[in-house]
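A.B. asks: Structure provided below as structure tokens; questions to follow.
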Amino acid sequence: MALTKETKIAKIEMVGDFKIVHIAYDEIVKEDGVEISKRRLRDVVDIGRLDDSDNLVLNDYTQYHQDIQDVIAVAYTDTIKENWKQHLIKRKQTKENL
């Protein structure tokens, strides 16, 4: 009886105004080649964060599968990155004014 586990990308999608990348993975357990269990895992990959000078610091996407990196490259255009940066600055200012 041989158990194996594999993880496959089930879905990659861009969501919302900032094209935030959502990933769904299927984790599949097989016994002797026959699927006995499957569960869905999810991940959200946003663009980045602000540093102390309000510069946008992009997240490191190199740990993701190349297919996901390719979607990120399409989704996170310079315009989207700038809009995300302005969104973070506004959110930061709102929190400071509370």
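A.B. asks: Output the residues belonging to segment 30-54 that are under 30 Å from E96 (Cα atoms), open to solvent by less than 80 Å² (accessible area, probe 1.4 Å) and in contact (Cβ under 8 Å) with a residue 12 or more places away in the chain.
C.D. replies: Residues satisfying the conditions are D43, V45, D46, I47, G48, L50, D54.
A.B. asks: Of the conditions (1) assigned to a loop (DSSP other than H, G, I, E, B); (2) closer than 30 Å to K90 by Cβ; (3) touching a residue at least 24 places away in the same chain (Cβ under 8 Å), Q63 satisfies every one except a single condition; which number is it?
C.D. replies: That leaves (3) as the condition not met.
A.B. asks: Further question: Only one of T94, T62 is within 18 Å of the chain's Cα centre (by Cα) and either under 30 Å from T7 (Cα atoms) or open to solvent by less than 90 Å² (accessible area, probe 1.4 Å) (or both). Can you tell me which? Explain how you work it out, then say what you get.
C.D. replies: Working: T94 fails: within 18 Å of the chain's Cα centre (by Cα).
Step by step, each of T94, T62 is checked, and only T62 is within 18 Å of the chain's Cα centre (by Cα) and either under 30 Å from T7 (Cα atoms) or open to solvent by less than 90 Å² (accessible area, probe 1.4 Å) (or both).
A.B. asks: Continuing with the same structure: Tell me which residues, restricted to segment 78-91, are open to solvent by 60 Å² or more (accessible area, probe 1.4 Å) and either in contact with a Phe, Trp or Tyr (Cβ under 9 Å, 6 or more places away or on another chain) or polar (S, T, N, Q) (or both).
C.D. replies: T79, N83, Q86, H87
A.B. asks: How many residues are closer than 14 Å to V45 by Cα, touching a strand residue (DSSP E or B) at 6+ places or on another chain (Cβ under 9 Å) and assigned to a helix (DSSP H, G or I) when one looks only at segment 71-98?
C.D. replies: Qualifying residue count, segment 71-98: 6.
The values are calculated or read from the model by the stated rules, or taken from the named source; none is laboratory data. Just so it is clear, the model here is predicted, and its values are computed rather than measured. Note that we place each Cβ from the backbone using ideal geometry, even for glycine, and neighbour counts take in every protein chain shown. The area values use the complete protein model at the heavy-atom level, side chains included, leaving out ligands, DNA and RNA. Shrake-Rupley method; radii C 1.70, N 1.55, O 1.52, S 1.80 Å.
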